[in-house]
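Here's the structure, in structure tokens; my notes come after.
The values are calculated or read from the model by the stated rules, or taken from the named source; none is laboratory data. Since the structure is predicted, the reported quantities are computational estimates derived from the model, not experimental observations. Note that we place each Cβ from the backbone using ideal geometry, even for glycine, and neighbour counts take in every protein chain shown.
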Amino acid sequence: MYQSNFVFGYGSLVNVENLEQHLRRKLTSGSDLMICGLKNFRRCWNIAMNNSLDLPNYKYYCDRQTGKRLDGFVTFLNIRPVQSQTIIGILFGVSEQELENLDRRERNYQRINVTSKIDLKIQGKAWVYIGLEQAEQRYQEGLKRHSAMISQDYFDLVNNAYFSLGNYAFSNYVATTDKLEVPTVDLKMCQVNIS
């Protein structure tokens, strides 16, 4: 069922519990979920959403203590090409419908084919989500305005996901991820639904 398409997760998608909630099914290690490497990439914190804009069926973030919506740019993990580096992540099989759902979820990213860059032989195509140019520009705008931030929950989710994969994966995550340029902030995710 999931032979033709696989997605390589390197950030929040590495958190299996979070991923299973999104896919609405259990993943079986070894058959539709494998730890592997993606060659010639490095992680970076350089894409953002404008938290002051209402987007149809999309989230926004509030300060956890005050409940107030923050005017700023919420930053997420991305990858960038770097020769001779390999990032560890998880590769999971998806149906066509699940792939379409992930495309909608990852709206700050575009999906690219990385079949030749993963260190596993698979039957089908491997995809990864890489930040859109507009999302990188939003991050740069946030840096200029000193209003870019990372949700502490998101930061912890990714850290804990790699920690749960074991020492090798966690060490790789630390070694192949750029240092933060912006602060982590205690935010809670909210949802806005505009037709």
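Check V158, V174 and return the single one that is within 16 Å of the chain's Cα centre (by Cα), at pLDDT 95 or above, assigned to a helix (DSSP H, G or I) and loosely packed, with under 13 Cβ neighbours inside 10 Å. Of the residues listed, the single one that is within 16 Å of the chain's Cα centre (by Cα), at pLDDT 95 or above, assigned to a helix (DSSP H, G or I) and loosely packed, with under 13 Cβ neighbours inside 10 Å is V174. Contact map, the range 12-39: first residue over 23 Å from T176 (Cβ atoms), second residue among the acidic types (D, E) and surrounded by 15 or more Cβ atoms within 10 Å (Cβ to Cβ), Cβ cut-off under 8 Å, separation 6 or more or different chains; pairs are L23/E98. The set of residues in the range 112-148 that are outside any loop (DSSP other than H, G, I, E, B) and either of a type in the set (A, V, I, L, M, F, W, C) or touching a helix residue (DSSP H, G or I) at 6+ places or on another chain (Cβ under 6 Å) (or both) comprises I112, I118, K125, A126, W127, V128, I130, A135, L143, A148. Checking every residue in the range 177-187 against the condition of being surrounded by 18 or more Cβ atoms within 10 Å (Cβ to Cβ), out of contact with any Ser or Thr (no Cβ under 6 Å at 6 or more places or on another chain), assigned to a helix (DSSP H, G or I) and touching a residue at least 60 places away in the same chain (Cβ under 8 Å) gives zero matches.
Can you find a residue in the range 44-63 that is under 17 Å from A169 (Cα atoms) and either of a type in the set (K, R) or in contact (Cβ under 8 Å) with a residue 60 or more places away in the chain (or both)?
Taking every residue of the range 44-63 in turn, at least one turns out to be under 17 Å from A169 (Cα atoms) and either of a type in the set (K, R) or in contact (Cβ under 8 Å) with a residue 60 or more places away in the chain (or both).
Across the range 55-71, which residue is farthest from the chain's Cα centre (by Cα) among those that are among the hydrophobic types (A, V, I, L, M, F, W, C) and assigned to a loop (DSSP other than H, G, I, E, B)? Checking each candidate, the answer is L70. Kindly indicate whether V74 is in a strand (DSSP E or B), surrounded by 17 or more Cβ atoms within 10 Å (Cβ to Cβ) and not basic (K, R). Yes; evaluated as a whole, the condition is true for this residue. Against the conditions (1) under 23 Å from V185 (Cβ atoms); (2) in contact with a Lys or Arg (Cβ under 9 Å, 6 or more places away or on another chain); (3) at pLDDT below 95, where does G72 fall short? Just the number, please. The single condition G72 does not satisfy is (3). Flag: Y168 does not match the condition of being in contact with a Phe, Trp or Tyr (Cβ under 7 Å, 6 or more places away or on another chain) and either touching a residue at least 12 places away in the same chain (Cβ under 8 Å) or more than 14 Å from N46 (Cα to Cα) (or both).
Of the residues screened, Y61 is one that is surrounded by 15 or more Cβ atoms within 10 Å (Cβ to Cβ), more than 24 Å from R80 (Cβ to Cβ) and touching a strand residue (DSSP E or B) at 6+ places or on another chain (Cβ under 9 Å).
Within the range 26-54, can you find the residues that are touching a strand residue (DSSP E or B) at 6+ places or on another chain (Cβ under 7 Å), surrounded by 12 or more Cβ atoms within 10 Å (Cβ to Cβ) and in a loop (DSSP other than H, G, I, E, B)? Those that are touching a strand residue (DSSP E or B) at 6+ places or on another chain (Cβ under 7 Å), surrounded by 12 or more Cβ atoms within 10 Å (Cβ to Cβ) and in a loop (DSSP other than H, G, I, E, B): L27, D32, N51.
For the range 90-110, filtering for residues that are touching a residue at least 40 places away in the same chain (Cβ under 8 Å) and either part of a helix (DSSP H, G or I) or over 13 Å from L19 (Cα atoms) (or both) leaves 10.
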